[in-house]
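K.L.:
Before anything else, here's the structure in question.
The values are calculated or read from the model by the stated rules, or taken from the named source; none is laboratory data. Given the structure is predicted, the values throughout are model-derived calculations rather than measurements. Backbone-built Cβ (ideal geometry, glycine too); neighbour counts: all protein chains shown. These accessible areas exclude ligands, DNA and RNA; they are computed on the full protein's heavy atoms, side chains included. Shrake-Rupley method; radii C 1.70, N 1.55, O 1.52, S 1.80 Å.
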Amino acid sequence: MSLFWRIIDFLKETAPFFIAMNIILAIFLLIFGFVLLSKKNREQKSKMIGGMVCLSFSMLAFLGALSNAFFSYFIF
C-alpha cells in the first residue's frame, strides 16, 4: 500500500510540469492548425486536413491539461 501512496505523491509533484507542457503544446498546435487552415492554404486539401488534425490534437492537449489539473488539485 505504501507503493501506491509513493506513486500518488510522485504524480502530485510532477503535475505542474505536465500541465504547463500540455498547455504549451496545445497553443503551438492551435497556432499551427490555424495557419494551415488560413485562406491562402485552404486550396490544398492535404493542408486543410492537416489543420483539422492539429486543431483536434490541440483540443486533446487542453483537455489533458484540464484533467491533470482537476485530478491533481481536487481529487488528490
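K.L.:
Which ³J(HN,Hα) values in Hz, rounded to whole numbers, follow from the phi angles of the stretch 4-10 under the Karplus curve 6.51 cos²θ - 1.76 cosθ + 1.60, where θ = phi - 60° and Gly and Pro get x?
P.N.:
Once rounded to whole Hz, the list reads 4, 5, 5, 5, 4, 5, 4.
K.L.:
Sticking with this one: For the chain, what does the helix formula give at 222 nm: sum of -39500 (n - 2.57) over DSSP H segments with n ≥ 4, over the residue count, nearest 500 deg cm²/dmol?
P.N.:
-29000 deg cm²/dmol
K.L.:
Given a 1.4 Å probe, how much area per residue of the chain is accessible, in Å²?
P.N.:
Ligands and nucleic acids excluded, the result is 78 Å² per residue.
K.L.:
Accessible area of the stretch 25-76 with a 1.4 Å probe: how many percent of it is carbon plus sulfur?
P.N.:
For the stretch 25-76, the apolar C and S fraction of the accessible surface comes to 78 percent.
K.L.:
Here is a follow-up. For the chain, what does the relative contact order come out to in percent, with C-alpha contacts under 8 Å and a separation of six or more? Provide the component values of the computation, followed by the final result.
P.N.:
Values: 64 pairs, mean separation 31.1, N = 76.
Across the chain, relative contact order equals 41 percent.
K.L.:
Taking θ = phi - 60°, what integer Hz values does the Karplus form 6.51 cos²θ - 1.76 cosθ + 1.60 yield along the stretch 23-30, in sequence order, with x for Gly and Pro?
P.N.:
For the stretch 23-30, the Karplus curve yields 5, 5, 4, 5, 5, 4, 5, 5 Hz.
K.L.:
With unit charges on the beta carbon (Lys/Arg positive, Asp/Glu negative), name the residue among 58, 4, 18 whose Cα is farthest towards the positive pole of the charge dipole of the chain.
P.N.:
The listed residue farthest towards the positive side: 58.
K.L.:
Another question, then. What do you get for the angle between helix 45-70 and the principal long axis of the chain? Use alpha-carbon atoms, 0 to 90 degrees, nearest ten.
P.N.:
The answer is roughly 20 degrees.
K.L.:
Taking R0 as 30 Å, what's the FRET efficiency between residue 31 and residue 75 from their Cβ-Cβ distance, rounded to 0.05?
P.N.:
So, using R0 = 30 Å, E works out to roughly 0.45.
K.L.:
For the chain, count the residues as N, evaluate 2.2 N^0.38 Å, and divide the Cα radius of gyration by that value, please.
P.N.:
Here the answer is 1.50, to two decimals.
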